[in-house]
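Colleague: This is the structure I want to talk about, given as structure tokens.
The values are calculated or read from the model by the stated rules, or taken from the named source; none is laboratory data. On a predicted model such as this, the values are computed, not experimentally measured, just so you know. Neighbour counts are summed over all protein chains in view; Cβ atoms, including those assigned to glycine, are modelled from backbone coordinates with ideal geometry.
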Amino acid sequence: MESGVPTVPPYLAGPLLLSPFRAYSLAPSRVGDPASARVFARPYRGVSQRLETWRKRGLAGRDDEPSLYLHEYSGVDRTSPFDVESASIGTSRAMSTGPVTTSSASLLFSAGASSHRVTAAGPDYTTRSTAFDNRTMDRISFAAGSYSATMTQDQNQWVEHLVAFRSAATPGGAN
């Protein structure tokens, strides 16, 4: 990513400026695996100072290889895109976000990370990225209802998130 270079994705109201920001990795003694130990210091009040305090105490160190996943979608409601979300952590090989109940047709987006490698997406989902042995995936739901996202992984610690974004399709229109 080049800092300070505006990127204009299609269908966006204005340019998106990707600005550099500091990234830290929590000390190995604080987490099971560095892949899930990344912390990003965005310009929120007090966050940078707290992370710097952790660094001085040996609880965090500079992360020279932070990761940022960017996915672009069209057809999402522009005025009220967020519908529902779910997140889970676990220690089994099977990963699951647990159910969400959507209010309408939705884009379902899920991201998962493991202490080693996320090996497969769940049924009905399309994998979009496997960078750093993590996984992002999505699917379209054509009606309101209960949905969940599953993945598999090959170690013993994981985290998975599921977010539903409302469709911009009008009633009776194409989704």
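Colleague: Look through region 119-134, keep the residues that are more than 21 Å from Ser74 (Cα to Cα) and within 14 Å of the chain's Cα centre (by Cα), and return whichever of them is surrounded by the most Cβ atoms within 10 Å (Cβ to Cβ).
Modeller: Out of the qualifying residues, it is Asn134.
Colleague: A further question follows. Within region 78-120, considering only strands (runs of 3 or more DSSP E) that don't extend past its boundaries, which have at least 2 residues that are touching a residue at least 60 places away in the same chain (Cβ under 8 Å) and hydroxyl-bearing (Ser, Thr, Tyr)?
Modeller: 82-90, 106-114
Colleague: Can you pull out every residue in region 121-134 that is assigned to a strand (DSSP E or B) and out of contact with any Phe, Trp or Tyr (no Cβ under 9 Å at 6 or more places or on another chain)?
Modeller: Matches in region 121-134: Ala121, Thr126, Thr127.
Colleague: If a residue has to be in contact with a Ser or Thr (Cβ under 7 Å, 6 or more places away or on another chain), surrounded by fewer than 21 Cβ atoms within 10 Å (Cβ to Cβ) and either hydrophobic (A, V, I, L, M, F, W, C) or modelled with pLDDT under 90 (or both) to count, how many in region 146-175 make the cut?
Modeller: Within region 146-175, residues that are in contact with a Ser or Thr (Cβ under 7 Å, 6 or more places away or on another chain), surrounded by fewer than 21 Cβ atoms within 10 Å (Cβ to Cβ) and either hydrophobic (A, V, I, L, M, F, W, C) or modelled with pLDDT under 90 (or both) number 5.
Colleague: Applying the selection to region 114-123, what residues are of a type in the set (A, V, I, L, M) and within 23 Å of Asp83 (Cα to Cα)?
Modeller: Ala121
Colleague: List the number of the failed condition for Met137; all other conditions in (1) surrounded by 21 or more Cβ atoms within 10 Å (Cβ to Cβ); (2) among the hydrophobic types (A, V, I, L, M, F, W, C); (3) out of contact with any strand residue (DSSP E or B) (no Cβ under 8 Å at 6 or more places or on another chain) hold.
Modeller: Of the numbered conditions (1) surrounded by 21 or more Cβ atoms within 10 Å (Cβ to Cβ); (2) among the hydrophobic types (A, V, I, L, M, F, W, C); (3) out of contact with any strand residue (DSSP E or B) (no Cβ under 8 Å at 6 or more places or on another chain), the odd one out for Met137 is (3).
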